[in-house]
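Participant: Sharing a structure, written as structure tokens. Questions coming.
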Amino acid sequence: MNESSVRPRPEPRAVDAKQGMVINCAAYHGGCRVADIDLDQAREVDSSDGRFVWIGLHEPDQPLLRTVQQRFGLHDLAIEDALRAHQRPKLEIYGDSLFIVLRTASLQDRKIRCGETHIFAGRGYVVTVRHGSTTAYKEVRARCEGAPKMLAMGEGFVVYSIMDFIVDHYFPILQELESEVDALEDAIFSRASDRPNVERIYGLRHELLLLRRAVQPLQEMCNRMMRFDVPLIDQAMHPYFRDVQDHVIRLVESIDNLRDLLAAALEAHLLLSSVEQNNIIKIFSVAAVVLMPPTLVASVYGMNFKSMPELEWPHGYSMALVLMVIVAVLPYLFFKWKKWL
């Protein structure tokens, strides 16, 4: 199909009555955007001289996915995964095409909301299927079109750009979680920790676990991308996937460090609570020991016996008070001397 036979259109249009599922559909050649096309024309693009189409779908239904499958000969299992979503991050090779599942993440109300992006890539086409993600890939497309020399590398560069875009969006989420972890640590060591803080520690550990599940598989995926048995990915793209892998390793290490910090913060909270409880028990114990002798003296003199000789003493009441003060002060001084108080 010649470039002249593809009529440029100002806006891509959906293939059926359900508008909005086809976000973008464009043809590229030599690193430049040739035209906006519809899905019916996508299969007619000749990929022999480096031309390819890039189709962006958002939560497509089964008929639309089946249409895309017929256009590009996609595997049934990959179409089934893209339709159902809720897949783990993975890389599957079906003949000369790739099927990639990536997890997107966003932070809403201090909770991580995950979405999915499925990528079908082969000679002449890249199809992205987005589920549940609030982040569109217009920025990725604009970035690629702004670097025609890199976009001329073909479908492999588009796959790299999408992966790099998703990984880069993990960093702001991790920075916000890190700031919250620092605030929790300050609250714990300032003795301002309470039950809500402890509950938030457990909540943050859960959010970090969700983020790790989305990020950690990308390390092996990037490693596999750099193998020679993976179709579509040229050797010239290996350094770029190595850069994404480096970012993923940094993310995983940061997530693990934050989870360790939260575990240490929770342990410190429990230790501080135990120390405070011991101090309270110590105060009550000392108070009981100090008050025990005066209580004993008062109990003895409170007994109603007529034959008690001390009852007739003129200064018996004063002497009893002095005795109670002495037996109360002596244990207190002893505890201070032993540095138990």
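The values are calculated or read from the model by the stated rules, or taken from the named source; none is laboratory data. The model shown is predicted, which means the values in this text are computed figures rather than measured ones. As a convention, Cβ positions derive from the backbone with ideal geometry for all residues, glycine included, and neighbour counts pool all protein chains shown. Areas reflect the complete protein model, heavy atoms only, side chains present, ligands, DNA and RNA absent. Shrake-Rupley method; radii C 1.70, N 1.55, O 1.52, S 1.80 Å.
Participant: Of everything in region 74-86, what is modelled with pLDDT under 90 and open to solvent by 60 Å² or more (accessible area, probe 1.4 Å)? Give them in sequence order.
Facilitator: LEU83, ARG84, HIS86, listed by residue number.
Participant: If the requirement is being among the charged types (D, E, K, R) and under 18 Å from the mean Cα position of the chain (by Cα), which of these qualifies: ASP234, ASP229, ASP256?
Facilitator: Checking each option against the conditions leaves just ASP256.
Participant: Also, quick follow-up: Does region 108-126 hold any residues that are within 25 Å of GLU178 (Cβ to Cβ) and surrounded by fewer than 17 Cβ atoms within 10 Å (Cβ to Cβ), and which are they?
Facilitator: Passing the criteria: GLN108, ASP109, ARG110, LYS111, ARG113, CYS114.
Participant: Taking the conditions exactly as written (open to solvent by 60 Å² or more (accessible area, probe 1.4 Å) and in contact with a Lys or Arg (Cβ under 9 Å, 6 or more places away or on another chain)), does GLU276 satisfy them or not?
Facilitator: Yes; evaluated as a whole, the condition is true for this residue.
Participant: Now for a different question. For region 233-261, what are the residues that are surrounded by fewer than 19 Cβ atoms within 10 Å (Cβ to Cβ) and outside any helix (DSSP H, G or I)?
Facilitator: Listed by number, the list holds a single entry, ASP234.
Participant: Taking region 87-101 as the search range and keeping residues that are open to solvent by less than 40 Å² (accessible area, probe 1.4 Å) and within 26 Å of GLY154 (Cα to Cα), which one is nearest to the chain's Cα centre (by Cα)?
Facilitator: Among them, the one singled out is PRO89.
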